[in-house]
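Visitor: One structure, as structure tokens, below. Some questions next.
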Amino acid sequence: MKICLGCGQRYQQENWRCPVCGWIPPQCLGFISFAPDIVAREVGFKSELFERLRTAEERHFWFRSRNSLLAWSLQTYFPNALSFLEIGCGSGTVLLRLRATFPGLKLVGGDALYEGLALGRRIPGVTLFQMDARCIPFENEFDVIGAFDLLEHIEEDETVLRQMYRATKSGGGILVTVPQHKWLWRPWDVLSGHRRRYFRNELVQRMEQAGFCIIRCTSFVSFLLPLILLVRLFEEKTRDPVKELKINPLLSAFLEKALTLERLLIRFGISFPAGASLLIIAFKKARQVS
């Protein structure tokens, strides 16, 4: 169901003209734009980095491993899903992986920045919107909604979770990944536009307060945590977050193998207590009416 951002009316129809007030979202650069003003404000990421980030993501062991974990999670916990929305879709590498894995799945991506959406056009059959994750113009619309390394960029993360709850269908759910452990905070987090790293219980509580029922919670990039701590001792200061992602291809392949083993254990039901990142899977719990 669509939500008119002009008057708040809920309606079901193909086009975006509100049947009550007539409001139509503007278009910019070929994208329906629900929050064009947000582009002029701070959104926690430098738009000029998108193209370089896309190339890095497609080769880097961490992104490749995370995306494989997400594809498995969607298939395992939401096998009957017909529609999927990713908020903060960035350069589109997650949607690209999901398109390859689920060719029949209706994919929708939303991002605040047009530069990321432009890269998403390479993905066949995906619908893309310019939008603010704090104001998702849908209600009971998607079987699954994903937010992958997005919440840490937004001050009002609780608002985003409530919006995700509203936009998810009854019986559907969400997939969320975030950077974990505040003691891992380093200059790279600042350069990447992070406002926080999470404690597990902190995010679980916020998701439950939004109305979700947690069904799986595990750290990942756990096997490499000692290596990450070691690298922190010798890391060079840089003002370029994408430079941080440059890694020898052979080393990247080796580290990806290690995370493949880690993912296999997660598939067998092991949930790791510590790791550089956190995955939480939750169902939409119907609110009780008093």
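Residue-by-condition table, conditions (1) over 18 Å from SER83 (Cα atoms); (2) in contact with a Pro (Cβ under 7 Å, 6 or more places away or on another chain); (3) among the aliphatic types (A, V, I, L, M):
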residue	(1), (2), (3)
ASP132	yes, no, no
VAL144	no, no, yes
LEU150	yes, no, yes
GLY173	no, no, no
VAL176	no, no, yes
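Visitor: Now, a different point. Pairs needed: first member in the range 117-146, at positive phi and surrounded by fewer than 20 Cβ atoms within 10 Å (Cβ to Cβ); second member anywhere, basic (Lys, Arg) and assigned to a helix (DSSP H, G or I); C-beta distance under 8 Å; at least 6 residues apart or different chains.
Guide: GLY125/ARG99; ASN140/ARG166
To keep it simple, each residue is scored yes or no on (1) modelled with pLDDT of 90 or more; (2) among the acidic types (Asp, Glu); (3) in contact with a helix residue (DSSP H, G or I) (Cβ under 7 Å, 6 or more places away or on another chain).
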site: THR168; (1), (2), (3): yes, no, no
site: GLN205; (1), (2), (3): yes, no, no
site: LEU227; (1), (2), (3): no, no, no
site: LEU233; (1), (2), (3): no, no, no
site: ARG239; (1), (2), (3): no, no, yes
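Visitor: Within the range 120-134, can one find any residue that is modelled with pLDDT of 95 or more, within 16 Å of the chain's Cα centre (by Cα) and among the charged types (D, E, K, R)?
Guide: yes
Visitor: Do you know which residues across the range 174-214 are more than 18 Å from the chain's Cα centre (by Cα) and β-branched (Val, Ile, Thr)?
Guide: Residue satisfying the conditions is VAL190 alone.
Visitor: Which condition breaks for PRO124 when tested against (1) closer than 23 Å to ASN15 by Cα; (2) in contact with a Gly (Cβ under 6 Å, 6 or more places away or on another chain)?
Guide: That leaves (2) as the condition not met.
Visitor: Would you confirm, using the coordinates I've provided, whether ILE215 is among the hydrophobic types (A, V, I, L, M, F, W, C), exposed (fewer than 12 other Cβ atoms within 10 Å of the Cβ), closer than 27 Å to GLY171 by Cα and modelled with pLDDT of 95 or more?
Guide: Details: among the hydrophobic types (A, V, I, L, M, F, W, C): yes; exposed (fewer than 12 other Cβ atoms within 10 Å of the Cβ): yes; closer than 27 Å to GLY171 by Cα: yes; modelled with pLDDT of 95 or more: yes.
Yes: the conditions hold for ILE215.
Visitor: Where the second residue is not in a loop (DSSP other than H, G, I, E, B) and the first is charged (D, E, K, R) and lies in the range 4-24, which pairs have Cβ atoms under 6 Å and are six or more apart or on separate chains?
Guide: Going by the 6 Å Cβ cut-off, the qualifying pairs are ARG10/ILE3.
Visitor: Separate question: Please report, ordered by residue number, the helices (runs of 4 or more DSSP H) entirely within the range 184-236 with at least 3 residues that are closer than 19 Å to TRP62 by Cβ and touching a residue at least 12 places away in the same chain (Cβ under 8 Å). It would help to see each step written out before you state the result.
Guide: On the way: elements: 187-191, 200-210, 225-234.
The qualifying helices (runs of 4 or more DSSP H) are 187-191, 225-234.
Residues checked against (1) surrounded by fewer than 21 Cβ atoms within 10 Å (Cβ to Cβ); (2) modelled with pLDDT under 95:
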{"site": "THR55", "(1), (2)": "yes, yes"}
{"site": "SER65", "(1), (2)": "no, no"}
{"site": "TRP72", "(1), (2)": "yes, no"}
{"site": "LEU85", "(1), (2)": "no, no"}
{"site": "GLY90", "(1), (2)": "no, yes"}
{"site": "VAL94", "(1), (2)": "no, no"}
{"site": "ALA100", "(1), (2)": "yes, no"}
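Visitor: Could you list, ordered by first residue, the pairs with Cβ atoms under 7 Å in which the first is in the range 63-78 and within 11 Å of ILE281 (Cα to Cα) and assigned to a loop (DSSP other than H, G, I, E, B) and the second is small (Gly, Ala, Ser) and at pLDDT 95 or above, at least 6 apart or interchain?
Guide: Sorted first by the residue in the range 63-78, then by its partner, the pairs are PHE78/GLY173.
Visitor: Under the condition of being part of a strand (DSSP E or B) and among the charged types (D, E, K, R), which residue from the range 106-116 is surrounded by the most Cβ atoms within 10 Å (Cβ to Cβ)?
Guide: Here is the first cut: in the range 106-116, the ones part of a strand (DSSP E or B) are 106-111.
With among the charged types (D, E, K, R) added as a condition, the list becomes 106, 111.
Details: LYS106: 15, ASP111: 30.
Taking the candidates together, the pick is ASP111.
Visitor: Scanning the range 245-278 for residues that are touching a residue at least 40 places away in the same chain (Cβ under 8 Å) and assigned to a loop (DSSP other than H, G, I, E, B), which turns out surrounded by the fewest Cβ atoms within 10 Å (Cβ to Cβ)?
Guide: PRO273
The values are calculated or read from the model by the stated rules, or taken from the named source; none is laboratory data. Treat the numbers as computed from the prediction; the structure is a model and nothing was measured. Here the Cβ is made from the backbone with ideal geometry for all residues, glycine too, and neighbour counts use every protein chain on show.
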